[in-house]
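Reviewing the structure listed below.
The values are calculated or read from the model by the stated rules, or taken from the named source; none is laboratory data. The structure presented is a predicted model; accordingly, all values stated were derived computationally and were not measured. Heads up, the Cβs are rebuilt from the backbone with ideal geometry, glycines too, and the neighbour counts pull from every protein chain shown. Surface areas here come from the heavy atoms of the whole protein model, side chains and all, with no ligands, DNA or RNA. Shrake-Rupley method; radii C 1.70, N 1.55, O 1.52, S 1.80 Å.
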Amino acid sequence: MSHPQLTMTERRAKVAQLLAHDPALSTRAIAAQLGVSKDTVRRDIDAIHATSTPPAPHDDDVLVLRLDEPLRQALAVLRAMRHAPDTEAHNRAAARAAIRATADAVLEAHPEVAH
């Protein structure tokens, strides 16, 4: 499949868009969609995280998890699937993806739970 040549800015915007839609998307999957290498996608993700400042959440919108050893090990497994480093941003993305995937599985098995 032929992919249009994107500028670095356009490509990084597309990477950010794909990750916003599915935080668990692998670098290989993104690379395949954009027609670039997984290493290029990894550099783009690192650059996105380095330049992005998350909006300040409302006090009611914050969930704080203490990373005990079992949770740290679980996050390490999830990050390993994306070849992601042990950073706050990657831990947050892994936790969000796991919560969303679990909720999706529950809703699929029990559609009556949906509001």
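Some notes on this structure:
- Listed residues V36, V64, V77, most fluctuating in the chain (Gaussian network, C-alpha, under 10 Å): V64
- Inverse mean reciprocal Cα-Cα distance (Kirkwood Rh) of the range 56-115, Å: 13.1
- Test item: Cα-centred dipole of the chain, Lys/Arg +1 and Asp/Glu -1 on Cβ, debye: 580
- Remark on the chain: hydrodynamic radius 15.9 angstrom, per the Kirkwood mean of 1/r across alpha carbon pairs.
- On Cα atoms only, tilt of 69-82 relative to the major axis of the chain in degrees: 30
- Accessible surface of the chain [probe 1.4 Å, protein heavy atoms]: carbon and sulfur percent: 59
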